[in-house]
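Notes follow the structure.
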There are 2 protein chains.
Amino acid sequence: MIEAEALAALYKRQLLNDVIPFWMKNSADNEHGGYFTCLDRTGGVYDTDKFIWLQARQVWCFAMLYNQVEPKKEWLDFALSGAAFLKANGRDAEGNWYFALNREGKPLVQPYNIFSDCFAAMAFGQLYKATGEEEYAEIAKNTFRNILERRSDPKGKYNKHYPDTRPLQNFALPMILCNLVLEIEHLIDADLVEDTIRFGIQTVMDTFYQPELGVILENVTPDGRFSDSFDGRLVNPGHGLEAMWFMMDLAKRSDNVKLIKRATDIAIQLIEYGWDDTYGGIFYFMDVKGKPLQQLEWDQELWWVHIEAMITLAKGYLLTGDERSGRWFQKVHDCAWAHFPDTEG
Amino acid sequence: MIEAEALAALYKRQLLNDVIPFWMKNSADNEHGGYFTCLDRTGGVYDTDKFIWLQARQVWCFAMLYNQVEPKKEWLDFALSGAAFLKANGRDAEGNWYFALNREGKPLVQPYNIFSDCFAAMAFGQLYKATGEEEYAEIAKNTFRNILERRSDPKGKYNKHYPDTRPLQNFALPMILCNLVLEIEHLIDADLVEDTIRFGIQTVMDTFYQPELGVILENVTPDGRFSDSFDGRLVNPGHGLEAMWFMMDLAKRSDNVKLIKRATDIAIQLIEYGWDDTYGGIFYFMDVKGKPLQQLEWDQELWWVHIEAMITLAKGYLLTGDERSGRWFQKVHDCAWAHFPDTEG
C-alpha cells in the first residue's frame, strides 16, 4: 500500500522547511502588527488588508506548532504578535469579530461572518494552551459563548434571506463546531463539550449526510429534508470531506470504532462523487441533481479542497487500514503534486 | 470593412427566429404567472425561482420588441403577464424591489440590490409606452424616485462595509442611471432628465475613467482618486464597454460628436485591455496593477460581456465609421460564434 512513513516525512519537511519559513520571513507586519497574508511567489506583499479568518488561523497555526511539534520561542512569539493585533482590533463593542481590517487595524468589513469568531476562538484556545495566560482563555470562552448565542441567526441583520418562505439550515456552522469544540475542550464545561459533540455528530451524520444519495448537502429544510432549490441542491465535496476528519477526531476521542468506520466509508463516497474523471481533481461545487450551478467557479479545483481530502483519507487509512482510503490518498496526492506546487517560486 | 447589413440580418434572424420563440414557448408560468428563467437546452425548467432582474428584463424585452420591432399582440401579452406578476409580488411595503421570489411569488431574497429596482423601472417604462396605462407610469416613476433616494447608500442595512475606514464610490449605479434615464425620459421632468444625464456622463467619463491607465475602475475614493485595495484595483472590462454604449446613446441624443468620438476611443482602449491574447475573448475581472484577484471566476469569459462589447463596437462603427471598431467587432463576433452557440440545443 502507500508508503505512509515516507509521505509523512515529505509533508513534515515541506511544512517545516518550506511553508513555515516562508511565512515567518515574509508575513510579519513589524510596523502595525498582525500578518500580511496576500503574498506573491517571491514573498512580496501585494495587498495589506487583514482578514480575520487568516489572521486567526495563522495565530492558531504557530501556537499549535509550538504546542505539538516543538516549543520554539520564535513560533510562540510569532503567534503572540498576531494575537496582540487581533485582541486590540478584531472585535466590535459586542465582542463580535469583524471580517476584515485594514493594515492599521481599523475595521473594513462588519462582523457578518461567524466563522471569523470560530477561527478566533480556536486561535486563543491554542494560545492559552501554549502560555497559560488567563486573558486568552477568556477571549476564547467569550467568543465561543457568543457563537452559541448567534447560532440560530449567525448573519443577523446582514441576512438577506426573507424569513419563512424557504427556511433552510446550513451545514457549515454545526460542522465547524465539531472541530472547534475539541480545540477549546480544555476551556469549557464538560457537559457543554458532550452536548456540542452529540449535536455535531448527529447533525452532520444524520441530518446533512444523505445515505440514499451518498453526499452531504450544504442546506436542508429545518426538519432535515431535501429542498429542490439552488441552495438545497448544492454539494461541496471538499466541505463534506473536511467534516469526515472532524468526525474521525471526535470518534477517536471516545474510541467509537463504528463512527470511524462510517466516516471512512462516507469519505470514500464523497471523493468518488466529487472526483473529476476527465482531468482528475475534486470539483468545488456540484448540484446533486446535475443541474447548472449559480457558482461560476463550480468546476475549479482548489488547493484547500485537496488538502482537506488528503487529511481525511490519511486519517481513514491510519485509523482503520482501509485500503480504499490509501489508494485514494495516493491518487489525490499525485494529482495535487502534479498541479499545485509553484515551480518558479 | 465589415458586412454591416449581412450581420444585422443575421442577428435579427437569430433574435426573432431562435431566441424569442424559445422563450415564448418555454418560459411562461401559466399556473402562477411570471417567467421561468432557468431553462435547459431543450427548454425544460430546471429551477422555478423568479429573480427580479430576469423577470423585469423579460418584461422590458417583449415590451421593447412590441414598441420598436412590430406591435405583435403576443409579445405585448407576454410582457403584460410578467408585469402582472411583478406588480402583485415584486415589492416590499416601502416599494423596494425584492431580489428573488419563489415560483408562487413569495419573497425569497430581500431588496438589498438596487439593480432590481432599475430593471423594474425600465420594464414598466417600456410597458407604459406600449399601453399608455397610467398605472405602469406610476410604478416606473415611483421606483425611479426611490432609486434616487437610496442612491447614496443603496444596500442600506445589508451593506457590510464599515463606514469611513475606506469609503469608496461604486461605478455600477451612476453608470446604469445613464441608461435608465433614457428608458424613462418620457415619464420624468425634463430638468431631472438633464441633471441625471449630466451627472452620469461626468461620473462615468471624468471620475471612473482613468485616462492615464486607459481603463474604467469599478471603485474610486469619494473624491475620485485611485484606492490601492482589492476593490480599488478592480476592472470589469465588460462593464466599462457597456457604459460606452450608454455614453454613445446619450451623446447621439444631443448630437455630441465629441462625446461619441471619445466613447469610441475609450471602448477601443477597454477591449484592447480586456482581451485575452492567448485564447481570445474578454476577461471577466482584472486587477489594474496585475495583482491576483479575489474573484475565482476572474478569467472566465462570459456571454454577457461579449454581447455588451459587440453592441458598443457596432454603435461606435455605425456612428463614427471608426475602422478599429469595425475590426474589433468582427473579432469579438468570430470569437463569440466559435464558442457560445450550443450545437446540441
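The values are calculated or read from the model by the stated rules, or taken from the named source; none is laboratory data. Remember, predicted model here, so these are calculated numbers, not experimental data. In this analysis, Cβ positions are derived from the backbone assuming ideal geometry, glycine residues included, and neighbour counts consider all displayed protein chains. Heads up: the accessible areas ignore ligands, DNA and RNA and are worked out on the full protein's heavy atoms, side chains in. Shrake-Rupley method; radii C 1.70, N 1.55, O 1.52, S 1.80 Å.
If I filter region A:71-86 for residues that are within 14 Å of another protein chain (Cβ to nearest Cβ) and under 20 Å from residue A:139 (Cβ atoms), do I get at least one hit? The answer is no, given that none of the residues of region A:71-86 is within 14 Å of another protein chain (Cβ to nearest Cβ) and under 20 Å from residue A:139 (Cβ atoms). On the stretch given as region B:191-220, residues that are hydroxyl-bearing (Ser, Thr, Tyr) and more than 27 Å from residue B:271 (Cβ to Cβ) total 1. For residue B:274, the stated conditions hold: it is touching a helix residue (DSSP H, G or I) at 6+ places or on another chain (Cβ under 8 Å), away from every other protein chain (no Cβ under 14 Å) and free of Cβ contacts under 8 Å to residues at least 40 places away in the same chain.
Residues in region B:214-232 that are outside any helix (DSSP H, G or I) and surrounded by 19 or more Cβ atoms within 10 Å (Cβ to Cβ): B:215, B:216, B:217, B:218, B:219, B:220. Selection of region A:288-343 for residues being touching a Lys or Arg at 6+ places or on another chain (Cβ under 9 Å) and within 20 Å of residue B:300 (Cα to Cα) yields A:291, A:293. When region A:40-60 is limited to residues that are more than 12 Å from every other protein chain (Cβ to nearest Cβ) and open to solvent by 50 Å² or more (accessible area, probe 1.4 Å), the one that is nearest to residue A:92 (Cα to Cα) turns out to be A:53. What do you reckon, is residue A:105 within 14 Å of chain B (Cβ to nearest Cβ), more than 21 Å from residue B:113 (Cα to Cα) and more than 16 Å from the chain's Cα centre (by Cα)? Yes, satisfied. Tally the residues that are in a helix (DSSP H, G or I), open to solvent by 40 Å² or more (accessible area, probe 1.4 Å) and among the polar types (S, T, N, Q), restricting the search to region A:294-328. The number of residues fulfilling the criteria is 1. Go through the residues of region B:78-90 one by one and say whether even a single one is farther than 18 Å from residue B:31 by Cα, modelled with pLDDT of 95 or more and open to solvent by 10 Å² or more (accessible area, probe 1.4 Å). Scanning region B:78-90, I find no residue that is farther than 18 Å from residue B:31 by Cα, modelled with pLDDT of 95 or more and open to solvent by 10 Å² or more (accessible area, probe 1.4 Å), so the answer is no.
Taken over region B:108-141, the criterion of being within 14 Å of another protein chain (Cβ to nearest Cβ), β-branched (Val, Ile, Thr) and open to solvent by less than 20 Å² (accessible area, probe 1.4 Å) is satisfied by B:114 alone.
From (1) over 30 Å from residue A:94 (Cβ atoms); (2) in contact (Cβ under 8 Å) with a residue 60 or more places away in the chain; (3) surrounded by 22 or more Cβ atoms within 10 Å (Cβ to Cβ), pick out the condition that doesn't hold for residue A:243. Unmet condition: (1). Evaluating residue B:262 against the criteria (1) without any contact (Cβ under 8 Å) to a residue 60 or more places away in the chain; (2) open to solvent by less than 30 Å² (accessible area, probe 1.4 Å) leaves one unmet condition, (2). Residues in region B:284-317 that are within 13 Å of the chain's Cα centre (by Cα) and of a type in the set (Asp, Glu): B:308 only.
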